[in-house]
Amino acid sequence: MEREGKIAFNVDGAFYNPKMKLNRDVSIAVVRALGISEYLDALAASGVRGIRVAKETGAEKVVLNDVSKTACSLIEENVELNSLDNCEVCCSNANVLLHKRRFEAVDLDPFGSPAPFLAAGSRSASSYLFATATDTAPLCGAHLKSGIRKYMAVPVKTEYHREMGARILLGTAARELARVDKAMVPLLTFAANHYVRIFLRIVKGAKFADESLNNMGYVEHCPRCGSWRTRFGLNCPSSEACENCAGKVVVAGPLWLGPIQNPDLISKALVELESVPGKSDREVRLLKFCRDEIELPMYRDHHRICKSLGTTPGPIDELVEMLRADGWKASRTHFSGVGIKTDAPLEVLRDILIGA
């Protein structure tokens, strides 16, 4: 018998990953903050995520689905174990269920990539779509061809590869939603351990879908000097040369270049997180970092820049303050402990670090 949050459960015969507790705890806080009444756990396995939503959020109806009959029997056992009357257990291929029925909130938490389920999930979700991707190597450029096949985008392995992967996943979701005349508004995006998690609000209408696609684009990255620039649009008018050093650039995308965090929603989730049983300080820190990140694509690696200059890195918070004092936008980022987001050009950063 295992325990997590307010529930007790058995996991014999179905997949359960205790290392994803942070993911589930944050999800509970977000569902509470949004006031979701109907929720689908489309790939439920042991049912832990969905059962926690049913017991800890006030949701009126939670549907737990898995294609495995063994898993569904275990889910039914765990629902009964927690004396829940707001749960429905389905034993179906997730894509079949998603094409047949509509749900206020659809959560895709597969083992591996959510890509095979995003089209059906986009059609089924009426208000919210959540997804987890544990295949970070394809998303971030380490397995290039696999990333291209799954996400129909070119990832490039860079110092900011964690954010690259998150924005490629967001871009894939935006395109799938646009196919069914829906737009997305990212509410919370984070990378932790070896996965990416996204929470999206859905807005219906072709006009809004068109506007959403305006946030799609590409990143031109220069391997020689580490500079990059973003290019909005799906036609990618690449300049082919780095504006900083004239080196040949490589192009990543299409990916999402728009906002990825909603500070107001994250602030509400932080309040809700306080009453989540077993929540950790790490979860609180993660959400605070996400809330406070400035909305600019990608980040700089503080230590990598210092290494190129032959200088010793100082406290990163001091660098943030120096940039702000000079009139630039700057913040830490949850994507990397040595990452810094700023609108200051690379040369400005180098000048500050040399003079520090």
Checklist outcome for this item: Flagged pairs (Cβ under 7 angstrom, 6 or more apart or on separate chains; first in region 6-22, assigned by TED's automatic domain parsing to the domain that holds L81; second among the aliphatic types (A, V, I, L, M) and at pLDDT below 85) are A8/M1; N10/M1
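Tell me, please, whether a residue that is among the polar types (S, T, N, Q) and at pLDDT 95 or above can be found in region 334-356. Steps first, please.
Applying the first criterion (among the polar types (S, T, N, Q)) to region 334-356 yields 336, 342.
Still in the list and also at pLDDT 95 or above: 336, 342.
So far as region 334-356 goes, yes, one or more of its residues are among the polar types (S, T, N, Q) and at pLDDT 95 or above.
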Checklist entry - Which members of region 225-271 meet the condition of being at pLDDT 90 or above, farther than 29 Å from L287 by Cβ and charged (D, E, K, R)? => result R229, R231, K248
Checklist entry - Being under 26 Å from the mean Cα position of the chain (by Cα) and either under 16 Å from A45 (Cα atoms) or outside the structural domain of K21 (by TED's automatic domain parsing) (or both), is that true of even one residue in region 69-90? => result no
Next on the checklist: Just to be sure I understand, how many residues within region 124-149 are buried (at least 22 other Cβ atoms within 10 Å of the Cβ) and of a type in the set (D, E, K, R)?
Outcome noted: 1
Item to check | Failed item, numbered, when L98 is tested on (1) touching a Lys or Arg at 6+ places or on another chain (Cβ under 7 Å); (2) closer than 19 Å to S27 by Cα; (3) buried (at least 23 other Cβ atoms within 10 Å of the Cβ) | outcome: (2)
Checklist entry - Which of the residues spanning region 154-172 are over 25 Å from I340 (Cβ atoms) and surrounded by fewer than 22 Cβ atoms within 10 Å (Cβ to Cβ)? => result V154
Item to check | Residue ID - nearest to G258 (Cα to Cα), chosen from residues in region 296-315 that are surrounded by 17 or more Cβ atoms within 10 Å (Cβ to Cβ) and among the hydrophobic types (A, V, I, L, M, F, W, C) | outcome: M298
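Kindly indicate which of G278, G314 is under 28 Å from A33 (Cβ atoms) and touching a residue at least 24 places away in the same chain (Cβ under 8 Å). Break it down into steps so the answer makes sense when it comes.
On the way: G314 fails: under 28 Å from A33 (Cβ atoms).
After ruling out the rest, the residue left standing is G278.
Which one is farthest from N244 (Cα to Cα), of the residues in region 327-356 that are in a helix (DSSP H, G or I) and charged (D, E, K, R)? Walk me through how you get there before you give the answer.
Within region 327-356, the first condition is being in a helix (DSSP H, G or I), and the residues that meet it are 346-355.
Checking which are charged (D, E, K, R) leaves us with 347, 350-351.
Numbers: E347: 9, R350: 13, D351: 14 Å.
Looking at residues that are in a helix (DSSP H, G or I) and charged (D, E, K, R), I get D351.
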Checklist entry - Which pairs do you get when a residue that is crowded, with 24+ Cβ neighbours inside 10 Å, found in region 49-70, comes within reach of a residue that is among the hydroxyl-bearing types (S, T, Y), reach meaning Cβ atoms under 6 angstrom, with the pair 6+ apart or on two chains? => result V53/Y39; V62/Y39; N65/S92
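The values are calculated or read from the model by the stated rules, or taken from the named source; none is laboratory data. Here the structure is a predicted model, which means the values were calculated and not measured. We place every Cβ from the backbone using ideal geometry, glycine too, and count neighbours over all the protein chains shown.
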